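**Student:** Can you read through this structure? Questions will come right after.
The values are calculated or read from the model by the stated rules, or taken from the named source; none is laboratory data. If you're wondering where the values come from, they're calculated on a predicted model, not measured in any experiment. Note that each Cβ is placed from the backbone with ideal geometry, even for glycine, and that neighbours are counted across all protein chains shown. The area values use the complete protein model at the heavy-atom level, side chains included, leaving out ligands, DNA and RNA. Shrake-Rupley method; radii C 1.70, N 1.55, O 1.52, S 1.80 Å.
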Amino acid sequence: MTEPAYLAATRHGYDAIAESCAAPYRAALDDAPLDRALLAGFAETVRREHADPVTLEVGSGHGGTAAFLATHGLDVSGIDLSAAMVDFARRTFPQIAFRVGAMHALDLADASLAALVSWYSLIHVPAGDRPAVVAEFRRVLRPGGYLLLGFQVGDDTRHVDEAYGHAVALDFHRLDPDTLAATLDTAGFDLVARFVRVPEPRHTAAPIPQGVLVGRVRGQDAAGDPRP
Ligand SMILES: C[S@@+](CC[C@H](N)C(=O)[O-])C[C@H]1O[C@@H](n2cnc3c(N)ncnc32)[C@H](O)[C@@H]1O
């Protein structure tokens, strides 16, 4: 697959801000008890059905989300477009394998994962490319494999050309849960859970709702048998 043009802007943007945005990005999870509960519940759900809970976080950034999932029993690794982000994550969480990679063309065999997590990273993929990326997630998941998506809810795109004192060209696409659920359905996922929380008033980040969808590869259990 040829690399789409938007990836270069995203990669350069996160390379530029990797060191300076570390504290606020990590605080985001520390300050979000419901997100932590969802991530912990997701990890337990995966472990209940998959004895070998091999998990990939795509767009793993500073590594905090992957590290949280690891402490909840998932055998997690991370990929990120940005080498600077990967470098930061490796230094901070040396027990976890992080590597450079792109979510639209994963360096993994078909059906090799029990779970895949995209926590605020699919937000950088333009709408037209999202179905192909979700199909790529489906390709690498085993029968009964789980998908977790975290995102900002909306129908617009926030373009940022300056962040933490650096010139960047980053697009943050808000995602509509109905449209995303339909994309999951088309790719072969059953919807397991759908969650929207209103912005927490004390959060300094953009006051917009936050969404979570959980999908499961349709029609089979972890052994590959038909699931009613
Ligand atoms: C908002 S950060 C979220 C980081 C992390 N998931 C977390 O929870 O803190 C988005 C990350 O996704 C990465 N990213 C964006 N598009 C990507 C793509 N197509 N493939 C891999 N990583 C991507 C960025 O480089 C960035 O590190």
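**Student:** Identify all residues within region 113-129 that are surrounded by 18 or more Cβ atoms within 10 Å (Cβ to Cβ) and more than 11 Å from the ligand (Cβ to nearest atom); write none if there are none.
**Tutor:** Answer for region 113-129, where residues must be surrounded by 18 or more Cβ atoms within 10 Å (Cβ to Cβ) and more than 11 Å from the ligand (Cβ to nearest atom): L113, A114, A115, L116.
**Student:** If you don't mind, there's one more thing I want to ask. Show me the strands (runs of 3 or more DSSP E) entirely contained within region 153-201 in which 2 or more residues are of a type in the set (F, W, Y) and surrounded by 13 or more Cβ atoms within 10 Å (Cβ to Cβ).
**Tutor:** 189-197
**Student:** Any residue at all in region 44-52 that's within 15 Å of the ligand (Cβ to nearest atom) and not in a loop (DSSP other than H, G, I, E, B)?
**Tutor:** Step one: filter region 44-52 for residues within 15 Å of the ligand (Cβ to nearest atom), giving none.
Looking through region 44-52, none of the residues is within 15 Å of the ligand (Cβ to nearest atom) and not in a loop (DSSP other than H, G, I, E, B).
**Student:** Going by what's in this entry, would A205 be described as under 20 Å from L113 (Cα atoms), open to solvent by 60 Å² or more (accessible area, probe 1.4 Å) and modelled with pLDDT under 95? Talk me through it step by step, then tell me what you get.
**Tutor:** Values: under 20 Å from L113 (Cα atoms): no; open to solvent by 60 Å² or more (accessible area, probe 1.4 Å): yes; modelled with pLDDT under 95: yes.
No, not satisfied.
**Student:** Here is a further query. Using beta carbons and a limit of 6 Å, which pairs, at least six apart or on different chains, have the first residue in region 91-105 and within 26 Å of A8 (Cβ to Cβ) and the second one open to solvent by 50 Å² or more (accessible area, probe 1.4 Å) and more than 12 Å from the ligand (Cβ to nearest atom)?
**Tutor:** F98/R90
**Student:** Scan region 77-92 for residues that are within 12 Å of the ligand (Cβ to nearest atom) and open to solvent by 10 Å² or more (accessible area, probe 1.4 Å) and jot them down. Please lay out each step first, then the result.
**Tutor:** Residues of region 77-92 that are within 12 Å of the ligand (Cβ to nearest atom), as a first pass: 78-89, 92.
Passing the criteria: D80, L81, A83, A84, D87, F88, T92.
**Student:** Can you name the residue in region 18-34 that is in a helix (DSSP H, G or I) and more than 9 Å from the ligand (Cβ to nearest atom) and is also most open to solvent (accessible area, probe 1.4 Å) among such residues? Spell out the reasoning first.
**Tutor:** Quick first cut of region 18-34, residues in a helix (DSSP H, G or I) only: 22-30, 33-34.
With more than 9 Å from the ligand (Cβ to nearest atom) added as a condition, the list becomes 22-24, 27, 30, 33-34.
Details: A22: 9, A23: 73, P24: 61, A27: 46, D30: 116, P33: 69, L34: 90 Å².
Ranking the qualifying residues of region 18-34, first place goes to D30.
**Student:** Would you confirm, using the coordinates I've provided, whether V212 is modelled with pLDDT of 95 or more, open to solvent by less than 30 Å² (accessible area, probe 1.4 Å) and not in a loop (DSSP other than H, G, I, E, B)? It would help to see each step written out before you state the result.
**Tutor:** Details: modelled with pLDDT of 95 or more: yes; open to solvent by less than 30 Å² (accessible area, probe 1.4 Å): yes; not in a loop (DSSP other than H, G, I, E, B): yes.
Yes.
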